[in-house]
Structures are given as structure tokens and as C-alpha cells.
1. Identify, please: which residue in region 23-35 is open to solvent by 40 Å² or more (accessible area, probe 1.4 Å) and in contact (Cβ under 8 Å) with a residue 12 or more places away in the chain and is, among those, nearest to residue 83 (Cα to Cα)?
2. Got a number for residues in region 80-106 being farther than 15 Å from residue 42 by Cα and either assigned to a helix (DSSP H, G or I) or under 14 Å from the mean Cα position of the chain (by Cα) (or both)?
3. Given the conditions (1) free of Cβ contacts under 8 Å to residues at least 60 places away in the same chain; (2) touching a Ser or Thr at 6+ places or on another chain (Cβ under 6 Å), and given that residue 55 satisfies all but one, which numbered condition is not satisfied?
4. Conditions first: (1) open to solvent by 10 Å² or more (accessible area, probe 1.4 Å); (2) touching a strand residue (DSSP E or B) at 6+ places or on another chain (Cβ under 9 Å); (3) under 30 Å from residue 164 (Cβ atoms). Residue 57 passes all but one, so which condition is the exception?
5. So if I check each of 91, 143, which one is at pLDDT below 95 and among the aromatic types (Phe, Trp, Tyr)?
6. Test each condition in (1) surrounded by 10 or more Cβ atoms within 10 Å (Cβ to Cβ); (2) modelled with pLDDT under 95 for residue 80 and report the one that comes out false.
Amino acid sequence: IDARRERVELSNGDFYAVEQVNTVDREQIFRTQIHETIKAHFDKQKELGNGIKALSLFFIDRVDNYIRKDSLIRNIFEEEFERLKKNYQRFKNADVAAAHNGYFAKTRAKGVETYKDSVSGNSEDDKAVYDLIMKDKEKLLSFAEPISFIFSHSALREGWDNPNIFQICTLKETRAELKKRQEIGRGLRLAVNTDGDRIFDT
């Protein structure tokens, strides 16, 4: 894999280069990524059983692509969730609307809340969102809480992580190595069970 020239060389000597994608291809790429993340999540929860709750984290390109009821990412997620859940006994009756939520920086002006795209993850608005996630971490790991898919815009900064995030799906282009490491570092750790005990063989 040659990241500088954005190409992959196969063992037979053939090269495949990355090309810019148009809007139609971008939507299909999102759908494939979301489909595979939901499927991996369902498979992982089936494997874990009732002792450990699996979580999945999505990083998105724009808040508007998720927050509105008719937004691209929300629609794709809900369509793929409904399509896949029929194949999993545990999720057959799951309410898609209750299964996902987003944590985004927001401002309030004249009583109206406005969500905003935050690039750095360092604003005071972001801090309030991170604090909320931290306070509800135990609740999030309980099966009594239906949310198991989390959407975020900015790379969650150091200091926030959840050990039960088994899948991280990046629905945006991230070239900075540090930012990518920060995203991956939000999960993919040793999980804890419903009693809060660390599990070493998940």
C-alpha cells in the first residue's frame, strides 16, 4: 500500500490507484460502510450474548447529514438497520429510532438550539457534550439503555473512550495520522461486562 501515491500494488505487479469519487459513488460508499458496521455489530452482540453490550461509533462529515430526519446518513442507517435486523433474533423487534443517537456540539440562541460542525473537538460546546457522555457511560453499557450506535462529528478528544466500542466507522475523509489515531482510540479496548468487570477474552 503506497499512501503517498494513493495506490495499491498486488503481488502480480498490478496497481490500483485511488480516484476522486462523485456524489453518487459517495452515497453508495456510505451505504456499504454503514451496512457492514451494523452487520458486524449484530454479529458481535450475538457472539457476546447477554453479559457484554456492544457499541458502535460513527464519525460523520457534517452534522446536517445525520441530525435532520431526512438526512442522508440517518436515512441510510435506518434503512440498513431495518434490512439487517430481520436476520438476527435478538434485534428482530428492535426499534431503530431508539438504537442510535448523536452527540454534537450545539449552541443556544433565544431558546433555539443549533447544532454545529466542530472541527477541533476543543470548544466549550464540545466539552459539555463529552461531559454528558462521560456521566452516562455506565448507563450506555446497560442493556436497559437501547442506544448502541453513537454518531459524532469531531474526533472525540483524548480523555473520552468507551471500552465496549467494537466497531468504528469513519464516514468522512481523514488524512491526518494523529486524528485517525484519536478516532480509533475512542474504542477497541478491553470490554467490560454488565457488572463493570474488565473482560480479557472479547
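The values are calculated or read from the model by the stated rules, or taken from the named source; none is laboratory data. Bear in mind that the values here come from a model prediction, so they are computed numbers and not experimental data. FYI the Cβ positions are ideal-geometry reconstructions off the backbone, even for glycines, and counts take in every protein chain you see. Only protein heavy atoms, including side chains, enter the accessible area calculation; ligands, DNA and RNA are left aside. Shrake-Rupley method; radii C 1.70, N 1.55, O 1.52, S 1.80 Å.
1. At the first step, the residues of region 23-35 found to be open to solvent by 40 Å² or more (accessible area, probe 1.4 Å) are 23-29, 31-33, 35.
So of that shortlist, the ones also in contact (Cβ under 8 Å) with a residue 12 or more places away in the chain come out as 27, 31, 33, 35.
On the way: 27: 17, 31: 12, 33: 14, 35: 9 Å.
Ranking the candidates gives 35 first.
2. Residues of region 80-106 that are farther than 15 Å from residue 42 by Cα, as a first pass: 97-98, 101-106.
With the extra rule that they be either assigned to a helix (DSSP H, G or I) or under 14 Å from the mean Cα position of the chain (by Cα) (or both), the set shrinks to 97-98, 101-104.
Here the count works out to 6.
3. Here residue 55 clears every test but (1).
4. Tallying (1) open to solvent by 10 Å² or more (accessible area, probe 1.4 Å); (2) touching a strand residue (DSSP E or B) at 6+ places or on another chain (Cβ under 9 Å); (3) under 30 Å from residue 164 (Cβ atoms), residue 57 fails exactly one: (1).
5. Values: 91 fails: at pLDDT below 95.
Matching residue, one of 91, 143: 143.
6. (2)
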